[in-house]
Every structure is written in C-alpha cells, then in structure tokens.
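Okay, so here's the structure we're looking at.
The values are calculated or read from the model by the stated rules, or taken from the named source; none is laboratory data. Keep in mind that this is a model prediction, so the values were computed, not measured. Don't worry about glycine lacking a Cβ; one is built from the backbone with ideal geometry, like all the others, and counts go over all protein chains shown.
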Amino acid sequence: MRFLPLASILMSHSPFRYVPGCTVEYKGPTSTKGSRWVAVIKRGRDRGDHYRASVPYQEGPDQAARLAVQCFNTEGLTDRPRCEHWQILGAALSLDGGDSYTYPVGPVSLAPVLSSPAPARPEVEE
C-alpha cells in the first residue's frame, strides 16, 4: 500500500479548510499601563485592516476577543446585514501554555467547518 503525495490532491500552500482567527496576547505591565490582554483580528497587511481591543488583565482573554469581534463588526462590516456579523465560533486554542490564544471567529455559517476533520490521505493500491 502506498499513499499519493498530498500535494497532488490538495494545494500544498494552504489548509484544506480554515476559519478566520482572533489572536489574544497577554501584555505585562509597563510604566504607563497595567497588565492587559490585547486582541487583534487581521484581515490584511495594512494597519487599517487590523481590528484591536485591549482589556485589563482581570477581564480575561475571552472579553478581549469579544471586543475585537465587536470592533470588526462595527468598523469592518458596516455595509453587511446583521446575519453576516462575526462572533466567536468555538473554544480558544493555546499554543504556548497560556500567554496567547487564538479564537476561531467569523459568521455563524462557518461554525460547521470547525467540526469537520481534514480529509484522510488517499491510499493507492499497487
């Protein structure tokens, strides 16, 4: 039994499925600000395509993510119907043990994508 190269089945430069994300990072205290959680949704490279929110540490990363989504809905989706507005779609992912999180975000129509596993690698009979 051998496997077909995955690149021959899927485009290798992008995931099979994805949803947009909101990153939330812990920022320690500075000389002018206390500890806080900073959330960002990036929809492009330009600064105008970044939607940010910051909350005090005590309010937590979930609140920072909610406010970034609210900012995106207010500033980025002004011409879209409310049913297309974004929300947090699932649990936060922690890739570094708790100083930063990534939340899946987007319109509710993307929610089913979160529970869909990536396709198995097809087998080739010899």
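Overview of values
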| quantity | calculated |
| --- | --- |
| Qualifying residue in segment 66-73 (condition: of a type outside the set (Ser, Thr, Tyr), at pLDDT 80 or above, part of a strand (DSSP E or B) and closer than 10 Å to Val24 by Cβ) | no |
| Any chance Asp79 is exposed (fewer than 13 other Cβ atoms within 10 Å of the Cβ) and either within 16 Å of the chain's Cα centre (by Cα) or part of a strand (DSSP E or B) (or both) | no |
| Pairs, first closer than 14 Å to Thr23 by Cβ in segment 43-63, second of a type in the set (Val, Ile, Thr) and exposed (fewer than 13 other Cβ atoms within 10 Å of the Cβ), C-beta under 9 Å, six or more apart | Tyr51/Thr74 |
| Qualifying residue in segment 26-40 (condition: part of a helix (DSSP H, G or I) and at pLDDT below 95) | no |
